[in-house]
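Novice: Structure below; questions to follow.
The values are calculated or read from the model by the stated rules, or taken from the named source; none is laboratory data. Just so it is clear, the model here is predicted, and its values are computed rather than measured. Cβ atoms come from the backbone with ideal geometry, glycine included; neighbour counts cover every protein chain shown.
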2 protein chains.
Amino acid sequence: MDHSARFSVEYRIRAGSKNEAHQFAEKIGTEQSVEMPLAVVPPSGKKSLPEVHSVTQLNDDLWTASLSYPISLFGDDITQFLNVLFGNISLLHNIKITNIDEEVFKKSFYGPEFGIEGLRKKLNVPERALSCTALKPIGLSPGELAENSYQFTMGGIDIIKDDHGLANQQTADFRARVTACVQAVRMGEQISGKKTLYFPNITTSPAYVLDRFHEALELGADGVLISPQLTGLEMLHTLSSRGHLPVMAHPAFSGPYVIHESHGFLPDLYYGKLWRALGADAIIYPNAGGRFSFSRETCKRINQRARDKFHTFNASFPTPAGGMNMQSLPDQITHYGNNTIYLIGGNLHEQKAGLQEATKQFQNLLSEYE
Amino acid sequence: MDHSARFSVEYRIRAGSKNEAHQFAEKIGTEQSVEMPLAVVPPSGKKSLPEVHSVTQLNDDLWTASLSYPISLFGDDITQFLNVLFGNISLLHNIKITNIDEEVFKKSFYGPEFGIEGLRKKLNVPERALSCTALKPIGLSPGELAENSYQFTMGGIDIIKDDHGLANQQTADFRARVTACVQAVRMGEQISGKKTLYFPNITTSPAYVLDRFHEALELGADGVLISPQLTGLEMLHTLSSRGHLPVMAHPAFSGPYVIHESHGFLPDLYYGKLWRALGADAIIYPNAGGRFSFSRETCKRINQRARDKFHTFNASFPTPAGGMNMQSLPDQITHYGNNTIYLIGGNLHEQKAGLQEATKQFQNLLSEYE
C-alpha cells in the first residue's frame, strides 16, 4: 500500500465564524483518525493524521469543510472505511457528508457485478423500464406466495422480490418459500413466454447472511434482496464480490442516516454512490410523492449517481418505491426514464382485474414508453 | 410458537389532533407489518396486523401511541425484530421509540453472558468501579501497542481495549497485534500481581466477524470489542450466544438512531435496554461533559437501564467514554457510582508521569471510592 495515498471527504457543517468552522473541521479529523489530543500523538501515529484542506462559507452559519485522510487508516477493510467516514462523528450534531473522493473507491470497491446491463441481459429487455413487485404480506403460506408469484409471472413481470419483512417466519420459512416460489416462477414463464427473476430476502443475522445467500443460489433463485443497514452495510460488498447473483438493496433501517437535513449523508451520496460502490445491482429508495418524504429532485439525484459514469463501475438500477401506483406510473416514467426499475407492491393487489391482469397492464404501460 | 402472542411498542409522535395522531399510529403499524392497503390484506395476512392500543396527548402536538404486534411477525429472527421495530418507519419523520415491551425479550433474547458479575469475577474485583483504557492511535506497530499494553498492565489497569478504529491495517494487522498485546498483558500481570483483561476490536465485514471472534479466542484474548452498528446490530446477539468471551459494545455509527430529539430511539432504551438484551457485557456510550452531547440525566438513565432488573438478564456494565479525564473522575464516580467502567483514553497519555504511573493514579482514585 502507498502510505502517502490519501482521500478526501466533504462535510457541510454549522459554525458561527470561519475560525470556529476550522476548529470544527479539525475536531472531525481528529475524532475520525487518531482520536487523541494532537500534542500526545506519537511519531508513528503522525502518518494517520488528516489534513483540513479548505473551509468555505455557504451562507450565514453553514460551511463546507474538506478534509483528507490517509488511506492507510482503513487499508482494505470497508467496514473500517465506513467507521472513518462517520463512526464517532455520527454521535455529534450538524455534520452532513456531502461528497467522498472518487479515488478512494478505486482500490477496494468493485461496484455492481451485474448492474443495469447485466439485469437487462438476464431479462432480455434491452430498452424499456423494468417492472418489479413484492410478495406480501407476512403471514401467507409458501403455497399462497407461490400462487401470487405464478400470477405475476404469467402477467409478465420482470422481477418479483420478497417483501423485505419475509425472513424465516413459521408461516413461510425460507427454504419452503424459496423452493415454492422458484418453481411457480419457472412454471409461469412457460405461459408468459418471457423471463421473470425472483429475488428472495436473505436479510438475517449478519453472521449467517452468506449461508442464506448460498441457499438461495442452490434453490435456483435469480437474485437476492437485502437490507444492508440491518446486516451491516459492508455485507453488500461481500455478497457482490461473490458474483453469483444480482443483489437488490432495500433501505429499511437506513432512514436516520439520510433524512435529517443537517446530519448524516446526502441521500444521493448514500444510496446512489455508496451503495453502488458497495455493489448493489438495484437500489430501492423511498420515492417522492409516496409514503415517504424525499423530494422529486432528491430522487433524480439518486438516479443520476446510480447511473452516471463512476470509475469503471457498472451502473446500478435505481428502484423508486413506497406507495408507487399504476395511476402515477406514466408521470414517474416521464421524470425518471427507462433506466429505472418501477416497484409497485400493494397497488397491484388493489386492481379489480386481479394480479395477472394488473401485471399485464403494468407491462403494457412500460412498453408504451419504450 | 403461540400465534396469538403479541408485544407492544410505544412511540412518541407528532400530530395536530387526536384523530391525526391515531391515523399516524395506524400508518406506523401497517408500515411495520403487512405494508399494503388494509382493504386488500388476504385472510392469512390478517393475523399479522398490529393494533393501536392507545393514543395519549403529551402536550400541544406530541402524542404517545402504543401499538401491539404479533410476535409471529419476526418469529425468532432478531434482525427481523429490529426491522419490525424501526425498518421502514426509520425513513419517516417524528417517530421516537420510547419503550418496548419487556415480554418480547423473554423468548428470543438472552442478555449478557457475563455482565457486571461475570466481569468482576474474572478480575476478582468485587466492589470498586473498573478502569479501562484504549490502545491508540492507528499507525502504531504491534510492538508499540504491546509496549503500551505492558505499561497499562503494570500500572494495574482492569481492561485494555483496542481503539475502535484498529482493524487489520498494515501497520498492526489483527493477528500480529493481538498476539503481541496478549503476551504483553500476561507479562505485565506478573509484575502488577493482578488480572488485566485485553479486548481486541473484531469489527470487520459482518460475514467474517465470527471468524475474528474465534481467532481472538484462540490467541488468548480475554474479551472482544465490537461496533454493532457497523456490523449489523444482531451481531451482538450472535457473539454473546457463543458465550466464550465477554463482549464490549462501541457506539460508532449509532449516533443517528439516538441523537435526534424527535426521531429514532430514546438513548437509554437503545443502549441500556436493546444492547443489553442483545448481550453486550459492557456498553460504551458518549459521556456527558466530554466530546459529545448527551446530558448527565440521559447518561444516568442509560446506566439504570443497563443495571436494573430486566427479566433474568445479567446486568451490563455501563461504560461512559469520549473525553473522560482524570481530573473529572471523582465527580463522575459521585454521579455514576461503582457499577461502572470508567474509560479514559487520550488523557492517560497526557499525564506527565507516563502511562504506568498515570494508570496507578487511575486505580488509586477508583480504590478511594470503594
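Novice: Among the residues of the stretch A:224-242, write down those that are away from chain B (no Cβ under 11 Å) and in contact with a helix residue (DSSP H, G or I) (Cβ under 8 Å, 6 or more places away or on another chain).
Specialist: A:Val224, A:Ser240
Novice: Of the numbered conditions (1) touching a residue at least 24 places away in the same chain (Cβ under 8 Å); (2) within 14 Å of another protein chain (Cβ to nearest Cβ); (3) not in a loop (DSSP other than H, G, I, E, B), B:Asp76 fails exactly one; give the number of that condition.
Specialist: B:Asp76 satisfies every listed condition except (3).
Novice: Where residues in the stretch B:261-303 are part of a loop (DSSP other than H, G, I, E, B) and among the charged types (D, E, K, R), which of them is nearest to A:Asn88 (Cα to Cα)? Lay out the reasoning, then the answer.
Specialist: Within the stretch B:261-303, the first condition is being part of a loop (DSSP other than H, G, I, E, B), and the residues that meet it are B:261-263, B:266, B:279-281, B:287-295.
Narrowing further to those that are among the charged types (D, E, K, R): B:261, B:281, B:291.
Details: B:Glu261: 19, B:Asp281: 21, B:Arg291: 10 Å.
Ranking the qualifying residues of the stretch B:261-303, first place goes to B:Arg291.
Novice: Something else now. Can you give me the number of residues within the stretch A:8-27 that are buried (at least 22 other Cβ atoms within 10 Å of the Cβ) and in contact with a helix residue (DSSP H, G or I) (Cβ under 6 Å, 6 or more places away or on another chain)?
Specialist: Count: 1.
Novice: Among B:Lys27, B:Lys47, which is part of a helix (DSSP H, G or I), farther than 26 Å from B:Pro256 by Cβ, of a type outside the set (Phe, Trp, Tyr) and within 13 Å of chain A (Cβ to nearest Cβ)?
Specialist: B:Lys47
Rundown of residues vs (1) in contact with a strand residue (DSSP E or B) (Cβ under 7 Å, 6 or more places away or on another chain); (2) at pLDDT below 95; (3) not β-branched (Val, Ile, Thr), yes/no style:
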position: A:Ser68; (1), (2), (3): yes, no, yes
position: A:Glu103; (1), (2), (3): yes, yes, yes
position: A:Gly111; (1), (2), (3): no, no, yes
position: A:Arg120; (1), (2), (3): no, no, yes
position: A:Leu130; (1), (2), (3): yes, no, yes
position: A:Leu135; (1), (2), (3): yes, no, yes
position: A:Leu140; (1), (2), (3): no, no, yes
position: A:Gly155; (1), (2), (3): no, no, yes
position: A:Asp173; (1), (2), (3): no, no, yes
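Novice: A further question follows. Is one or more of the residues making up the stretch B:200-217 farther than 30 Å from A:Ser4 by Cβ, away from chain A (no Cβ under 13 Å) and in contact with a Cys (Cβ under 9 Å, 6 or more places away or on another chain)?
Specialist: No, the stretch B:200-217 contains no residue that is farther than 30 Å from A:Ser4 by Cβ, away from chain A (no Cβ under 13 Å) and in contact with a Cys (Cβ under 9 Å, 6 or more places away or on another chain).
Novice: Looking at the stretch A:112-144, which of the residues that are among the aliphatic types (A, V, I, L, M) and within 14 Å of chain B (Cβ to nearest Cβ) is farthest from A:Asn338 (Cα to Cα)?
Specialist: A:Leu140
Novice: Of the conditions (1) out of contact with any Asp or Glu (no Cβ under 6 Å at 6 or more places or on another chain); (2) within 14 Å of chain B (Cβ to nearest Cβ), A:Met187 fails just one. Which one is it?
Specialist: Of (1) out of contact with any Asp or Glu (no Cβ under 6 Å at 6 or more places or on another chain); (2) within 14 Å of chain B (Cβ to nearest Cβ), only one is false for A:Met187: (2).
Novice: While we're looking at this one, here's another question. Got at least one residue in the stretch A:269-289 being of a type outside the set (D, E, K, R) and within 7 Å of another protein chain (Cβ to nearest Cβ)?
Specialist: We begin by selecting, within the stretch A:269-289, every residue of a type outside the set (D, E, K, R); these are A:269-272, A:274-275, A:277-280, A:282-289.
If we keep only those that are within 7 Å of another protein chain (Cβ to nearest Cβ) too, we end up with A:286.
Looking through the stretch A:269-289, at least one residue is of a type outside the set (D, E, K, R) and within 7 Å of another protein chain (Cβ to nearest Cβ).
Novice: Right, here's the next one. I'd like the residue in the stretch B:243-268 that is at the interface with chain A (Cβ under 10 Å from one of its Cβ atoms) and on the phi > 0 side of the Ramachandran plot and, out of all such residues, is farthest from the chain's Cα centre (by Cα).
Specialist: Among residues in the stretch B:243-268 that are at the interface with chain A (Cβ under 10 Å from one of its Cβ atoms) and on the phi > 0 side of the Ramachandran plot, the one farthest from the chain's Cα centre (by Cα) is B:Gly264.
Novice: In a strand (DSSP E or B), touching a residue at least 24 places away in the same chain (Cβ under 8 Å) and closer than 21 Å to A:Gly346 by Cα: which single residue out of A:Ala167, A:Ala134 fits that description?
Specialist: A:Ala134
Novice: With the requirement that a residue be hydrophobic (A, V, I, L, M, F, W, C) and either in contact (Cβ under 8 Å) with a residue 40 or more places away in the chain or away from chain A (no Cβ under 14 Å) (or both), what does the stretch B:322-335 give you?
Specialist: Kept after step one, since they are hydrophobic (A, V, I, L, M, F, W, C), are these residues of the stretch B:322-335: B:324, B:326, B:329, B:333.
Within the stretch B:322-335, B:Leu329, B:Ile333 qualify.
Novice: Can you find a residue that is among the polar types (S, T, N, Q) and within 14 Å of chain B (Cβ to nearest Cβ) anywhere in the stretch A:336-356?
Specialist: Yes: the stretch A:336-356 contains one or more residues that are among the polar types (S, T, N, Q) and within 14 Å of chain B (Cβ to nearest Cβ).
Novice: Moving on. Of these, B:Leu197, B:Leu130, B:Leu140, B:Leu145, which one is under 14 Å from B:Val224 (Cβ atoms), touching a helix residue (DSSP H, G or I) at 6+ places or on another chain (Cβ under 8 Å), of a type in the set (A, V, I, L, M) and assigned by TED's automatic domain parsing to the domain that holds B:His250?
Specialist: Criteria check complete, one pass: B:Leu197.
Novice: Taking the conditions exactly as written (touching a residue at least 24 places away in the same chain (Cβ under 8 Å), within 14 Å of another protein chain (Cβ to nearest Cβ), crowded, with 16+ Cβ neighbours inside 10 Å and closer than 26 Å to B:Phe294 by Cβ), does A:Ile71 satisfy them or not?
Specialist: Judged against the criteria, A:Ile71 is not a match.
Novice: Here's another thing I want to ask about it. Need the failing condition index for B:Asn88 against (1) more than 9 Å from chain A (Cβ to nearest Cβ); (2) modelled with pLDDT of 95 or more, just the number.
Specialist: (1)
Novice: Kindly provide the set of residues from the stretch B:145-164 that are touching a Cys at 6+ places or on another chain (Cβ under 9 Å), part of a helix (DSSP H, G or I) and within 14 Å of another protein chain (Cβ to nearest Cβ), ordered by number.
Specialist: Within the stretch B:145-164, B:Leu145, B:Ala146, B:Asn148 meet the criteria.
Novice: While we're here: Identify the residue in the stretch B:299-314 that is hydrophobic (A, V, I, L, M, F, W, C) and crowded, with 22+ Cβ neighbours inside 10 Å and, among all such residues, is nearest to B:Ser240 (Cα to Cα). Even if it seems obvious, please write down each step before you answer.
Specialist: If we filter the stretch B:299-314 for residues that are hydrophobic (A, V, I, L, M, F, W, C), which is where we start, we get B:299, B:302, B:306, B:310, B:313.
Within this subset, residues satisfying the condition of being crowded, with 22+ Cβ neighbours inside 10 Å are B:299, B:302, B:306.
Values: B:Cys299: 24, B:Ile302: 20, B:Ala306: 16 Å.
The qualifying residue nearest to B:Ser240 (Cα to Cα) is B:Ala306.
Novice: Specify which of the listed residues (B:Glu20, B:Glu35, B:Glu10) is without any contact (Cβ under 8 Å) to a residue 12 or more places away in the chain, under 21 Å from B:Ser90 (Cα atoms) and either among the acidic types (Asp, Glu) or away from chain A (no Cβ under 14 Å) (or both). Explain how you work it out, then say what you get.
Specialist: Working: B:Glu35 fails: without any contact (Cβ under 8 Å) to a residue 12 or more places away in the chain; B:Glu10 fails: without any contact (Cβ under 8 Å) to a residue 12 or more places away in the chain.
Among B:Glu20, B:Glu35, B:Glu10, only B:Glu20 is without any contact (Cβ under 8 Å) to a residue 12 or more places away in the chain, under 21 Å from B:Ser90 (Cα atoms) and either among the acidic types (Asp, Glu) or away from chain A (no Cβ under 14 Å) (or both).
Novice: Looking at (1) more than 12 Å from chain A (Cβ to nearest Cβ); (2) in contact with a Pro (Cβ under 8 Å, 6 or more places away or on another chain), which is the one condition that is false for B:Ala15?
Specialist: (2)
Novice: Which residues, counting only those in the stretch B:52-67, are touching a residue at least 40 places away in the same chain (Cβ under 8 Å) and surrounded by fewer than 18 Cβ atoms within 10 Å (Cβ to Cβ)?
Specialist: B:His53, B:Leu58, B:Asp61, B:Leu62
Novice: Considering each residue of the stretch B:333-369, count those that are assigned to a strand (DSSP E or B) and surrounded by fewer than 20 Cβ atoms within 10 Å (Cβ to Cβ), and give that number.
Specialist: Residues in the stretch B:333-369 being assigned to a strand (DSSP E or B) and surrounded by fewer than 20 Cβ atoms within 10 Å (Cβ to Cβ): 0 in total.
Residue-by-condition table, conditions (1) over 20 Å from A:Leu269 (Cβ atoms); (2) in a helix (DSSP H, G or I); (3) not assigned by TED's automatic domain parsing to the domain that holds A:His311:
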residue: A:Glu35; (1), (2), (3): yes, no, yes
residue: A:Gln57; (1), (2), (3): yes, no, yes
residue: A:Tyr69; (1), (2), (3): no, no, yes
residue: A:Phe81; (1), (2), (3): no, yes, yes
residue: A:Ser90; (1), (2), (3): no, yes, yes
residue: A:Ile97; (1), (2), (3): no, no, yes
